[in-house]
Amino acid sequence: MDIELGIGPFDREEEKLALSADADLPTIGVLRLATDRLGWVLQHAGFEATDKDPPPASYVRAKALMYMGVLAVRAARAAIAVLRVGYEAEVLPYKRMLLELHSRTQRVVDDESGEYARQWLTNRAGKPARSLCDVPDGLWDVLSNSSHADARAVENFLVSHEDGASLVVLPERRPDFSNGTLAMMAGEVRDIAVIIAREHELKIPNRPHLDGLVRWAFENHLPEGQEDPDGS
């Protein structure tokens, strides 16, 4: 019957990992809360249309931030779904997108003229790597490898050396890796929510609680010295 339904080892392993995800990955709850808060901000951050040509800076800034927020919240929620069933390497393109969006939202608000927002909305804001700031050496390259059909994506994350070199094919769980990834994503999503909220003079509900959880995730699931910047 399993064969007739197409249920095989992948399905069984995915189901097993999904059932243990919350216990294995405590930081998944932090990212869930961060996405909920970003979703709340997006629901309350509406802006009026304009018939001015060109549109004023306030309009293009708000529109760019809204679009970036939608991309961020959907990428984060997709990452949660992917990690719950054990596809850890496959979450890295979502991490790459959030890292880029985190930098681009900051560049939008830093430019009061709205020119950067205009450029981004018309696909003229430059390559993603040029938007980055304060990114550890090599991180962007590693994330980019995993976002393309690149042999390094396999060699970096999908080769096991426990019993001689072998390829990782079935889903698996490495709690240290996944919890660290989730912690970083939670911080980025929280920051994006704060940036957009500030643009619209919104107060995120119970933000101190979210900040405390993000700080806990960084302190307990990232290498020593990598602290929650919380500079927003």
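The rows are residues; the columns are (1) of a type outside the set (D, E, K, R); (2) at pLDDT 95 or above; (3) over 20 Å from residue 102 (Cα atoms); (4) touching a strand residue (DSSP E or B) at 6+ places or on another chain (Cβ under 9 Å).
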site: 14; (1), (2), (3), (4): no, yes, yes, no
site: 20; (1), (2), (3), (4): yes, yes, yes, no
site: 23; (1), (2), (3), (4): yes, yes, yes, no
site: 31; (1), (2), (3), (4): yes, yes, no, no
site: 41; (1), (2), (3), (4): yes, yes, no, no
site: 47; (1), (2), (3), (4): yes, no, yes, no
site: 54; (1), (2), (3), (4): yes, no, yes, no
site: 67; (1), (2), (3), (4): yes, yes, no, no
When you scan segment 21-41, do you find a residue that is buried (at least 16 other Cβ atoms within 10 Å of the Cβ), over 22 Å from the mean Cα position of the chain (by Cα) and more than 17 Å from residue 94 (Cβ to Cβ), even just one?
no
Among what's in segment 187-206 and is in a helix (DSSP H, G or I), in contact (Cβ under 8 Å) with a residue 40 or more places away in the chain and of a type in the set (A, V, I, L, M), pick the residue that is surrounded by the most Cβ atoms within 10 Å (Cβ to Cβ).
189
Please work out which residue is nearest to residue 223 (Cα to Cα), limiting yourself to segment 170-186 and to residues that are part of a loop (DSSP other than H, G, I, E, B) and in contact with a helix residue (DSSP H, G or I) (Cβ under 9 Å, 6 or more places away or on another chain).
173
If you go through segment 131-180, how many residues are surrounded by 14 or more Cβ atoms within 10 Å (Cβ to Cβ) and modelled with pLDDT under 80?
16
Within segment 69-91, does at least one residue satisfy the condition of being free of Cβ contacts under 8 Å to residues at least 12 places away in the same chain, outside any loop (DSSP other than H, G, I, E, B) and within 19 Å of residue 191 (Cβ to Cβ)?
yes
In segment 40-68, which residues are assigned to a helix (DSSP H, G or I) and in contact (Cβ under 8 Å) with a residue 60 or more places away in the chain?
40, 41, 42, 44, 57, 60, 61, 62, 65, 66, 68
Is it the case that segment 94-111 has a residue that's loosely packed, with under 15 Cβ neighbours inside 10 Å, in contact with a helix residue (DSSP H, G or I) (Cβ under 9 Å, 6 or more places away or on another chain) and not polar (S, T, N, Q)?
yes
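The values are calculated or read from the model by the stated rules, or taken from the named source; none is laboratory data. Just so it is clear, the structure is predicted and the values come from calculations on it, not from any experiment. Every residue, glycine among them, receives a Cβ derived from its backbone with ideal geometry; neighbour counts consider all protein chains shown.
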